[in-house]
Amino acid sequence: MTEPMTKKRTIRRVVAVEAALLAGAAALRRENTVLAAAMAGAGALGAWAAFRPGSPVYGPIITHGPTDVAQAALTFDDGPGPSTPAILDALGDAGVKATFFLLGRQARRHPELVQRMRDEGHQIASHGYDHGILVMRGPAYVRDQLARTEEAITEAVGPAALTRLFRAPHGFRGPTTWAAVRSAGYRMAGWTTGVFDSADPGPDVVAQRSARALAPGCILLLHDADGWAPDRLRAHTAAAIPDICAAAGDKGLALVTLNELLA
């Protein structure tokens, strides 16, 4: 099993590739200015696209739903984990359905929570198996991440529960990610706004940022676990859910699953 590539390792490798392209462009500048500029520009664009979650450069990605319907979607990444039950409790109390982008590794650790998501009417989607960054990975690696996650979720709740949406860890993608995802029968999903609840800024801050972001068609990114520290709590996020749901109601927005929003 290949070790997951972290954010720092990925950034270092992309920077190294960019530096090599710039060095090559500098060497070519005297002989072919146009080619040198193209090399430098391609490297800069590729690096920007890899780390900008909503960029369409590496293929189409869902970043919002229709803006003419009073609906928005809450989405959660990296789970299931220790805070998922509290988040499910809060969503249940509010009568809200959400979309959970699950890690296959976490589905294996907490199959009972995957079952609960399904039983309570939430949408289950894929976040890959181990949260490894995909920017520098080839198509076979990406398809393996999807297949292993499918297997884990199928073992927990059967094959019908997993919907064919995939969100890349951190939203980072490489040149081959989209084609590999599409060949496996998935669509790429991003988000409209992330409120950086992963930094644990406090429940009030998470709720306030979410309330400001909520609008028709909004896909809100939240976290019910930590992709790199699976036992870490997301207590601030869980505590903010009642206020987020109340804010949506105050704005006249129905909170629905991502599939419902896109429909």
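Numbers for the structure displayed
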read-out: Over the range 124-209: Rg over Rh, Cα atoms, Kirkwood Rh; value: 1.04
read-out: Label-to-label distance, nm, for residues given as Lys251 and Ala235 (7 Å Cα→Cβ offset); value: 2.8
read-out: Size of electric dipole in the range 149-236: Cβ of Lys, Arg +1 and of Asp, Glu -1, about Cα centre, debye, nearest 20; value: 480
read-out: Tensor-based shape of the range 40-142 (alpha-carbon gyration tensor, a/c under 1.5 rounded, otherwise prolate or oblate); value: oblate
read-out: Global geometry of the range 49-92, whether rounded, prolate or oblate, following the gyration tensor of its Cα atoms and the 1.5 cut on a/c; value: oblate
read-out: Semi-axis lengths (Å, descending) of the ellipsoid that matches the C-alpha gyration tensor of the range 185-263; value: 21, 18, 10
read-out: Given charges at beta-carbon only (K, R positive; D, E negative), |dipole| of the range 104-263 in Debye; value: 600
read-out: For Val195, distant residues with modelled amide H under 5 Å away; value: Leu221
read-out: Label-point gap, in nm, between Gln115 and Arg212 - each point 7 angstrom along Cα→Cβ; value: 4.2
read-out: Listed residue (Phe166, Ala147, Pro80) projecting farthest to the positive dipole end of the range 64-169, Cβ model; value: Ala147
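Bear in mind these aren't lab numbers, they're just calculated from the coordinates by the rules spelled out. Since the model is a prediction, treat every value here as computed from it, not as a measurement. Don't worry about glycine lacking a Cβ; one is built from the backbone with ideal geometry, like all the others, and counts go over all protein chains shown.
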